[in-house]
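Accompanying notes for the structure given below.
The values are calculated or read from the model by the stated rules, or taken from the named source; none is laboratory data. Worth saying up front: this structure is predicted, and the values here are computed from it rather than measured. Cβ: placed from backbone, ideal geometry, glycine included. Neighbour counts: every protein chain shown.
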Amino acid sequence: MNPSFAEDAAWKERLAQGELSGKSRQLFAEFALTRVSRTFALNIRVLPQPLRDHVLYAYLYCRMADTLEDDAHLERGDKARLLKRFSTLFNESHEDRANIERHMREFPEQLPVAWRFSAQWEHLLLVHAPVVLIPFLDFPKPATRVISRCLREMCSGMGDFASNPDMHPVKTIADLDRYCYYVAGTVGELLCELFIQHTGVREDRALQLRKLCVSFGLGLQLTNILKDLHDDRDRNVFWLPEDLLIAQGLTLQEFFSDSAADGRKAVYRTLFSKTQKHLEDALEYSCLIPRWDMKLRLFCLWPLFMAAETLALLAESVDALTQGVRLKIPRQTVKRIVRRTSLFGWSNGWIHREFAKPMQRLEMAAQHLAPSPILHKSPL
C-alpha cells in the first residue's frame, strides 16, 4: 500500500474512534497541514518554537475558512452563514472557556453531512475541527489577539464576497485588491505581528514591516490566481477585473477565445505588472527581518522566490496558460531555491541579485505582450 494512503487510513481510523487529545492533537495538526498545503508544510518546519505552532494552527484555521468560502457545492447563503459562525470561535478573551469550547465542539454539526464521508482532507479538517481549535485556547494572549483579529476580518470579507449574487463580483482592480486582502493580505498581517512578537524588533523596524506585510500575502495570492485562471473558469469562478476586460473590448466568455489574443495579452501584462510590484514589496519585507532570525527569513524567502519563478514562467507561457496547461516550476528549481537561500539568505545584496533574475525574465516576456491602455495604482 502507498505509505501516504496508509497514513491517511490510520488517521481516519483514529478520528473515528473519538476526539483526539494531548500530543495526538499536535500530531494530527502537523499531518493535516501536509494534506491541505504541502508547500506550506515545507516552510513551517523551519520556524522556531513556539512561533511554529502558532503559525501552524493559524494557517489551518485560515485554510478552514478558505474551504468554506471556496466549496463549489455550498450555497452562497450557507457559505456566509458558516463563515460568520466560524469567526465567532475566535475570541481574544478566554474568560468563558467552557462556553467557547462547547461552541467549538458544536460547529461541525452545521456542516453538510456528506463532508463526514468526504475523501478531501479540507472537508475532514472541518468535520474534526475541535481537534485543532481547542489548542487555540491555550495560546498566549498576544498570539490569540493577532489570530482572532485575522480570522474575524478574513471571514467577514469572504462572507461578503460569498453572499454576492453576481457571478462575477470583481468589477474593478480595486475589487480584486479587496478580495486578495481578505484571503491573503490578512494572513500577511497575521504573520507580521507574530514575527514582531517573536523577534522583538524596534518600533521603527516594526512600522516598516507593517507597511509591507500585506504585499507579501497579495503577491503570493495574485500569482496563484493567474496560475489557476483556467481551472477557476472551469468552476465558473472569475477573478479577472471586469474593467480590464472592458478596456480591451472583451467579455469573460471571450477572454479565452483565439480571437481575443491581443486584448488578453494586454490584460495579462497589467496583472503581471501588478503582481510583480507586490512581490518586490514582499522582497523588501523579507529583507527587513533581522539577519540573525535566519529561520524567519527562509520562511518568507522560499515561497517568495517560488512565486517569482512561477510568475516569470507564466509570462513566458501565456498561450499555454490560456489553454489550461498546468504550469509548475521544476522540482530542481524548488530544491535550488531552498539550498541557495539557506546558504546566502543572510545577505540582502545576494537576495536582491537573485530575485532580479526571474524578474528580468518576466520583464523580457512582458515586452512581447500588448501594452495595456489603462494604468491602475493599487490602493494597497
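Looking at region 211-229, I want the residues that are of a type in the set (Val, Ile, Thr) and have a partner that is not in a helix (DSSP H, G or I) with Cβ atoms under 8 Å, at least 6 apart or on another chain. Which pairs are those? Listed by first residue and then by second, the contacts come to VAL214/LEU380; ILE225/TRP239. Can you find even one residue in region 12-21 that is modelled with pLDDT of 95 or more and farther than 17 Å from ALA129 by Cβ? No - not one qualifying residue is present in region 12-21.
Within region 275-286, identify whether any single residue is surrounded by fewer than 15 Cβ atoms within 10 Å (Cβ to Cβ), touching a residue at least 12 places away in the same chain (Cβ under 8 Å) and in the same structural domain as LEU222 (by TED's automatic domain parsing), and answer yes or no.
Step one: list which residues in region 275-286 are surrounded by fewer than 15 Cβ atoms within 10 Å (Cβ to Cβ), which gives none.
Taking every residue of region 275-286 in turn, none turns out to be surrounded by fewer than 15 Cβ atoms within 10 Å (Cβ to Cβ), touching a residue at least 12 places away in the same chain (Cβ under 8 Å) and in the same structural domain as LEU222 (by TED's automatic domain parsing).
Condition check for LYS171 on (1) outside any helix (DSSP H, G or I); (2) closer than 23 Å to ALA32 by Cα; (3) not assigned by TED's automatic domain parsing to the domain that holds TYR57: one failure, at (2).
The residues of region 193-210 that are touching a residue at least 24 places away in the same chain (Cβ under 8 Å), surrounded by fewer than 24 Cβ atoms within 10 Å (Cβ to Cβ) and of a type outside the set (A, V, I, L, M), listed by number, are GLU193, GLN197, HIS198, THR199, ARG205, GLN208.
When region 1-43 is filtered for residues that are surrounded by 14 or more Cβ atoms within 10 Å (Cβ to Cβ) and among the aliphatic types (A, V, I, L, M), the ones remaining, listed by number, are LEU15, LEU20, ALA29, ALA32, LEU33, VAL36, ALA41, LEU42. Filtering SER156, SER163 for residues that are of a type in the set (Ser, Thr, Tyr) and over 17 Å from the mean Cα position of the chain (by Cα) leaves a single hit, SER163. Among all residues of region 42-62, there is none that is over 30 Å from LEU304 (Cα atoms) and in a helix (DSSP H, G or I). I'm trying to understand the selection: among the residues of region 240-279, which are within 14 Å of VAL318 (Cβ to Cβ), assigned to a helix (DSSP H, G or I) and under 25 Å from the mean Cα position of the chain (by Cα)? Within region 240-279, VAL267, TYR268, ARG269, THR270, LEU271, PHE272, SER273, THR275 meet the criteria.
Taken together, the criteria exclude LEU89 from residues that are of a type in the set (A, V, I, L, M), in a helix (DSSP H, G or I), under 25 Å from CYS180 (Cβ atoms) and in the same structural domain as ASP160 (by TED's automatic domain parsing). As a summary of the residue check, ASP96 satisfies the conditions (1) modelled with pLDDT under 95; (2) in contact with a helix residue (DSSP H, G or I) (Cβ under 9 Å, 6 or more places away or on another chain); (3) among the acidic types (Asp, Glu) except for the one numbered (2).
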